[in-house]
Amino acid sequence: MNVLTAPAAILSTPADEVDPADPAIVRLAADLITTMRAAPGCVGLAAPQVGVSAQVFCVDVTGHPKAVTTHGAFVLCNAKVVEASRWRPGREGCMSVPDLTGDVKRAARVVVEGLRPGTGESITITTDAFEARALQHEIDHCAGKLFLDRVAGAHAIHVRKVYL
Amino acid sequence: MHELAITVIGPDRTGIVADVAEALADVGANLTDSTMTRLRGHFAMTLVCTGVSADEATGALTVLGDGLLATVRQVEPSDQATPGAPYLVSVHGADRLGIVAAVTRVVAGAGGNITDLTTRLTGPLYVLVAEVDLATERAEELAEQLAVAAAELGVEITMRRAESELL
């Protein structure tokens, strides 16, 4: 699937809640994982980024140097942050804002609740560090927010370095 | 003691800061606050310095040549903190004429004083982040007016309190 980039309107539109048992949502979940895997360095992807207004995203921070707790690759529907603490600044990028990075304060410890696609099983993920940041970034996408909406100051956006 | 407000801008290359700072130091100019950054391949320096006359600073900077455009002007020292609480305004959307003009006019209309502002254009995406000192009782009014401006401009605008933590 193609990843849309800002200023695509769907990236700034709160996405709809979904029925996790809907076969279309199960296919979307698989497509998100496939698209994430196809992009080098991509640790998460939300449905609005591929042009679908749905509260569905995937995350996989396995092996990332900043990750501490990891839960492998997973997809969540209708996810919400229910607890957030230990706020820390950090620099993040986004496939939908490919030329910029930004310094954003995120909780380094979160509890996230969501539904598994297919079964609709409710799951609770307690995590920290980079996986917590990735979850907050993806949940923001589902709410129509980009990291640009949360940068820490006028000097907190940076042109991404291109290494030749 | 008088202060000088100096700007220097020119095509980016290695050593601009060293050349300018050295030229000023050689005539006894003392740098105080400054920002220096690269804007689309141009290097831009804005600085305040003390200790020399405008003529001395101008003389020191004109010898730099090399495409560097410098301006020097004497200013009155001003270190007034503006009243109000710090807020952050983020704007992003499709580039079009007048985004900065429209957004900052709304901020000024609510009595917001912009203390720092950066814009970036990457491809079709325009991004503006402004730090604004604002009376807290006018924050809600400004947020509403920014939402109207955002709809008119077809951009996204977020306004929130800036956090400042003392450690």
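Values quoted throughout were computed directly from the atomic coordinates according to the rules given, and no laboratory measurement underlies them. This structure is a prediction, so every number in the text was calculated from the model and none was measured. Methodologically, a virtual Cβ is constructed for each residue, glycine included, from the backbone with ideal geometry; neighbour enumeration extends over all protein chains shown.
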- [ ] Take the alpha-carbon centre of region A:1-51, take the same for region A:59-74, and report the distance between them in whole Å.
- [x] 19
Task: Gyration tensor verdict on region B:1-144 (Cα atoms; rounded if a/c is under 1.5, prolate if a/b is larger than b/c, oblate otherwise) - done: oblate
TODO: Going by C-beta contacts inside 10 Å, put B:Met36, A:Met36 in order with the fewest on the left.
DONE: B:Met36, A:Met36
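Tell me the Kirkwood hydrodynamic radius of region B:52-132 in angstroms, computed as one over the mean inverse distance between distinct C-alpha pairs. Show your work: numbers first, answer last.
Working: mean 1/r = 0.0626 Å⁻¹.
By the Kirkwood definition, the hydrodynamic radius is 16.0 Å.
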Task: Gyration tensor (alpha-carbon) shape descriptor, region A:9-159, a/c threshold 1.5 - done: prolate
Open item on the list: What is the distance in Å between the Cα centroid of region A:109-164 and that of region B:1-47?
Closed with: 39
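What order do you get for B:Cys49, A:Cys77 when you list them from fewest to most C-beta neighbours inside 10 Å?
Details: B:Cys49 21, A:Cys77 26.
Fewest to most other Cβ atoms nearby, the residues stand as B:Cys49, A:Cys77.
Rounded to the nearest 0.05, what FRET efficiency is calculated for B:Arg73 and A:Arg160 with R0 set to 45 Å and r the Cβ-Cβ distance? If you can, show how the numbers build up before the last one.
On the way: r = 36 Å, r/R0 = 0.80.
According to the calculation, E is roughly 0.80.
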- [ ] Label region B:85-161 by shape, choosing from rounded, prolate and oblate, from the square roots a ≥ b ≥ c of the eigenvalues of the Cα gyration tensor; if a/c is under 1.5 it is rounded, and otherwise prolate applies when a/b is larger than b/c, oblate when it is not.
- [x] prolate
Open item on the list: Take B:Arg38 and B:Thr50, extend 7 Å from each Cα along the Cα→Cβ direction, and tell me the distance between the two endpoints in nm.
Closed with: 3.3
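Calculate the mean, over all residues of peptide B:125-134, of how many other protein chain Cβ atoms lie within 10 angstrom of the residue's Cβ.
Values: counts 10, 2, 10, 3, 9, 2, 5, 1, 0, 0.
Mean shielding by partner chains, rounded to a whole number: 4.
I need the calculated FRET efficiency for the pair A:Ser122 and A:Ala38, taking r as the beta carbon distance and R₀ as 22 Å, to the nearest 0.05.
Numbers: r = 30 Å, r/R0 = 1.34.
Efficiency at R0 = 22 Å is approximately 0.15.
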TODO: Can you tell me the dipole magnitude for region A:9-159 around its Cα centre, using point charges on the Cβ only (Lys, Arg +1; Asp, Glu -1), in Debye to the nearest 20?
DONE: 540
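Please report the relative contact order for region B:85-161, taking Cα pairs under 8 Å with a sequence separation of at least 6, and give it as a percent rounded to a whole number. Intermediate values should be presented prior to the final figure.
Numbers: 128 pairs, mean separation 37.3, N = 77.
Reported relative contact order: 48 percent.
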TODO: Return the long-range amide H neighbours of B:Ala135 (sequence gap of 5 or more, or a different chain), with a cut-off of under 5 Å between placed amide H atoms.
DONE: B:Ala85
